[in-house]
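Heads up: the structure comes next, in structure tokens.
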Amino acid sequence: MLLTNVWPIVLASIATTSENPTRFEWQKLLISSFGPGITTALLVGLFSWLFNRILERQKRTHAEELLNIGSNLNKSLQEKLEADRSERAELLEHLRRDIQDALASRARRAEYLRAQITSLYGPLAFHLESTAVRHNCATDMIEAVTRLKSAFDGQSPNSLTKEREAKIDSTIEKYQALTLESVSATISLLKSNWGWLDEADRPAIVDLMKNADRFDTETKTTDDYARIVAMYESTVSGKAILNPPNIIPGPLAAYFQTRLNEKQQELSGLTVSPVRAKAIEKLAS
């Protein structure tokens, strides 16, 4: 297009020159004709080359920025995923440790309860119940004798003779001896296994031990026992001067039977089946 525009200029220049132009004139003519076009073409080409360089540089810059943005975004996502993975792993580790601690705590509590039941609460409930039952046997015999004496006079063939009454008294004494034997076994058990007793249960046991010591001491004080009995029977303002020792643990036996049942139920709740134990162990690991 540039050369097409130049040819009219060249033809016009030839027409205005002499018929036989010299070489210099031809050179001058060509320069004056092609110079502006070439110059324009060079400038256009130069600017086009510069524009392409700038455009290429901008493309390269934008491409690098996009790559950096993509790389940074990918890195950020990777860091976030890694942080989430680490957080989940930490939470799972805490959960695993909590489960293991809970299982260990349950196992320790179950072992402690099992030792309490075996060493103290089971035998203690038995001895207290045995004491109450043996005392009831003696009491039933005493009440039977009292009813016989009140129902029949000495002339009746069904009335008690001295021989029959002596035999019944001997039986009653045997029951009383068995009762004292149970009390002694209870005290021995408490002495050897006192550490397994719960703090809340100690006041009642201390009261039983006090009454057992009083009974053993006061009944063996043969010289002054009559005076001691008189003190039991004496009152001041309607109140006994000294209450007799009570070694018959009826309510206490019921209380410790309840305590034994409570501990057995708690132990049953802490103990899991083998299948469940394996499932919990697998979850914790």
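The values are calculated or read from the model by the stated rules, or taken from the named source; none is laboratory data. As the structure is a prediction and not an experimental result, all values here were calculated from the model. Here the Cβ positions follow ideal geometry from the backbone for every residue, glycine too, while neighbour counts run over all protein chains shown.
Quick check on my filter: what residues within segment 79-131 are surrounded by 15 or more Cβ atoms within 10 Å (Cβ to Cβ) and acidic (D, E)?
E129
Determine whether segment 129-148 contains at least one residue that is within 19 Å of K263 (Cβ to Cβ), among the charged types (D, E, K, R), at pLDDT 85 or above and assigned to a helix (DSSP H, G or I).
Checked against the condition, which is being within 19 Å of K263 (Cβ to Cβ), among the charged types (D, E, K, R), at pLDDT 85 or above and assigned to a helix (DSSP H, G or I), segment 129-148 yields at least one hit.
Residues L113, L103: which one is modelled with pLDDT of 90 or more, over 30 Å from N246 (Cβ atoms) and outside the structural domain of I248 (by TED's automatic domain parsing)?
After ruling out the rest, the residue left standing is L113.
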